[in-house]
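One structure is given below, encoded as structure tokens.
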Amino acid sequence: MSGSKYAYVKSYETPDNLLPGTFIVVRLDGHAFHNLSQKHSFIRPNDERALQLMDNAARDVMDEFKDVVLAFGESDEYSFLFRKTTAVYKRRHAKILTTITSLFTSSYVFHWHRYFPETPLQYPPTFDGRIVLYPSAQEVRDYFAWRQVDAHINNLYNTTFWALVQQGGESTTQAHHTLKTKHEILFSRFNINYNSLPERFRKGSVLVKEDTPVEGEVPEKAQSLDTRDLNNSKTSSQVVLHHCDIIKDDFWDARPFLLSK
Ligand code: GTP
Ligand code: MG
């Protein structure tokens, strides 16, 4: 093949290797999921099945890409953090982004029926993707804090909005106007204590690849539906699902390996 007179065309391909020694963050976002969620009657404001399907697709990505150590998901988006020193696909931008985007998308479609057994998928969903490079741990921390704050703000707004419409009898236009003091509306009018809503909705999903020593027996965590055992060696690498705060220091202090290399 290389000897063919046509092979010179390969030299037109543009190298796109990502800067070495930087953290790679890949963010995927569902395309026009406002539409997809309506067409498939997602529960408002939060559909647990849809969120779990997203978590499952993210786990498939983490199983495939060993250097993805952390992922954060909310609504129709997921962010993946590669360790700084990763040499995955020689750090080629397009190869990394397209493979993750298509794996996530095909997993979403492939497993749809398990999460929505009564609702056939009506058309092929798509996700867009982007890669952002961050030079140090501080920007990575701030990136994930930004996404979690976004999850919180959106959820607070959406929870109040749909309480006004579904239980308060307001039109969607009225509800938009009413939304000023969200906590108070929720509590005084609908007796919903925002802080007692499921953590999944308030904080999003945090998937962490954690190494757990395994001596003979399977650790308790590996038996949970929320974990996947990735190998059978003495150190078991598992993807563990949390719905926790990733803005404060505690999460990161307890897992220095996420940002160390
Ligand atoms: P683009 O991303 O720009 O293509 O538009 P989008 O329509 O996907 O909107 P965006 O990504 O900004 O927001 C995601 C949208 O998905 C939300 O506005 C909701 O309409 C919908 N969505 C995501 N999760 C849920 C859910 O759990 N329940 C419901 N009912 N809708 C959801
Ligand atoms: Mg979207």
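Below are the figures for this structure:
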| quantity | calculated |
| --- | --- |
| Angle between the chain longest axis and helix 93-110 axis [Cα atoms, degrees, rounded to 10] | 50 degrees |
| Residue pairs, from the table Lys5/Lys95; Lys209/Lys248; Lys66/Lys203; Lys84/Lys203; Lys10/Lys95, whose Cα atoms sit over 23 Å apart | Lys5/Lys95; Lys66/Lys203; Lys84/Lys203 |
| Choice from Ser236, Ser106, Ser188 with maximal GNM fluctuation in the chain (Cα, 10 Å cutoff) | Ser188 |
| Residue-count net charge about Val25 - beta-carbon cut-off 14 Å; Lys, Arg +1, Asp, Glu -1 | +2 |
| On Cα atoms only, tilt of 48-64 relative to the major axis of the chain in degrees | 10 degrees |
| Residues whose placed amide H lies under 5 Å from that of Thr212, excluding near-sequence neighbours | Ser236, Ser237, Gln238 |
| Backbone HN-Hα couplings from phi across segment 124-136 [Karplus 6.51/-1.76/1.60, Hz, Gly and Pro as x] | x, x, 10, 10, 8, x, 9, 10, 10, 9, 10, x, 8 |
| Percent of alpha-carbon pairs separated by more than 34 Å within the chain | 27 percent |
| Orientation-averaged projected area, Cα convex hull of segment 103-142 (nm²) | 4.4 nm² |
| Contact order relative to length of segment 1-156, as percent, for alpha carbon pairs under 8 angstrom and 6 or more apart | 36 percent |
| Spread of Cα-to-Cα distances over 10 Å intervals beginning at zero, given as percent, for segment 99-167 | 15, 23, 39, 20, 3 |
| Mean ellipticity per residue at 222 nm, deg cm²/dmol - from DSSP H runs of n ≥ 4 across the chain, formula -39500 (n - 2.57) | -11000 deg cm²/dmol |
| Quotient of C-alpha Rg and 2.2 N^0.38 Å, computed over segment 1-67 | 1.86 |
| Between helix 137-166 and the chain: long-axis angle, C-alpha atoms, 0 to 90°, nearest 10 | 30 degrees |
| Cα-based equivalent ellipsoid, segment 1-129: semi-axes from gyration tensor eigenvalues, Å | 33, 19, 12 |
| Euclidean distance between Cα centres, segment 40-112 to segment 137-152, Å | 17 Å |
| Angstrom value of the Kirkwood radius, inverse mean 1/r, which spans all Cα pairs in segment 39-90 | 12.4 Å |
| Gain in span if fully extended, Asp128 to Asp150, counting 0.36 nm per residue against the direct Cα distance | 6.1 nm |
| Dimensions (Å) - segment 54-138, Cα atoms, principal axes, largest first | 45, 24, 20 |
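No lab work stands behind these numbers, since they all come straight from the coordinates. Computed from a predicted structure; not experimentally measured. Heads up, the Cβs are rebuilt from the backbone with ideal geometry, glycines too, and the neighbour counts pull from every protein chain shown.
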